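Bear in mind that the values in this text are calculations on the coordinates, not laboratory data. Just so it is clear, the model here is predicted, and its values are computed rather than measured. For neighbour counting, all protein chains shown are included, and Cβ atoms are generated from backbone atoms with ideal geometry for every residue, glycine included.
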Amino acid sequence: MSINAVSTAQMLGGLEVLGIEVMSDRDLEKIILDGLPSESIYKIVDRIYPGETDKHYQLVPRSTLVRRQKEGSPLSVEESQKAERLARVFSFAVEVWGDEKGAREFMKKSHPMLDNRTPFEASLNELGARQVEQILGRLMFGICA
């Protein structure tokens, strides 16, 4: 499994949004601890759910996200971790499926190993994201999932 900081950062908007080029896990960690730009929420969610604006608010409440955008303030550490987690899982799904279309379909479809939640929903918390990563790892190596 080769989930890496570079591909995760690209899912969050890359250099254009993050303001620095991420080359390592430590680079990404520093950005998250400082708080991601609010635009990173839109970048990752729009890759999974193009055109579905309500999905952004599952990561950050609407009023909070709007306020952060108006003020130009970064996301909290917790919100940043949530966005990073989703970007990491989606990046892994793209690796497994070979393209974003297949990864999107996977992220949106209820899965029995996730108590019929979607991988998107499960990835909103760390334990759920780990379960999704386990499923993706099994799929990558041809084990029934």
Check: For the range 32-43, what are the residues that are closer than 20 Å to Ala103 by Cβ and either of a type in the set (D, E, K, R) or surrounded by fewer than 21 Cβ atoms within 10 Å (Cβ to Cβ) (or both)?
Finding: Tyr42, Lys43
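Which one of these is closer than 30 Å to Arg138 by Cβ and surrounded by fewer than 23 Cβ atoms within 10 Å (Cβ to Cβ): Glu29, Glu71, Glu21, Glu16? Even if it seems obvious, please write down each step before you answer.
Details: Glu71 fails: closer than 30 Å to Arg138 by Cβ; Glu21 fails: closer than 30 Å to Arg138 by Cβ; Glu16 fails: closer than 30 Å to Arg138 by Cβ.
Only one candidate passes the filter, namely Glu29.
Which residue is surrounded by the fewest Cβ atoms within 10 Å (Cβ to Cβ), if the candidates are limited to the range 1-13 and must be of a type outside the set (A, V, I, L, M, F, W, C) and within 22 Å of Leu136 (Cβ to Cβ)?
Here is the first cut: in the range 1-13, the ones of a type outside the set (A, V, I, L, M, F, W, C) are 2, 4, 7-8, 10, 13.
This time we only want the ones that are within 22 Å of Leu136 (Cβ to Cβ), so: 2, 4, 7-8, 10.
Working: Ser2: 8, Asn4: 18, Ser7: 18, Thr8: 23, Gln10: 19.
The selected residue is Ser2.
Take the conditions touching a strand residue (DSSP E or B) at 6+ places or on another chain (Cβ under 7 Å) and surrounded by 15 or more Cβ atoms within 10 Å (Cβ to Cβ) and apply them to Pro119. Does it pass?
Yes, satisfied.
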Check: Mind checking which residues of the range 44-63 are surrounded by 16 or more Cβ atoms within 10 Å (Cβ to Cβ), part of a helix (DSSP H, G or I) and without any contact (Cβ under 8 Å) to a residue 40 or more places away in the chain?
Finding: His56
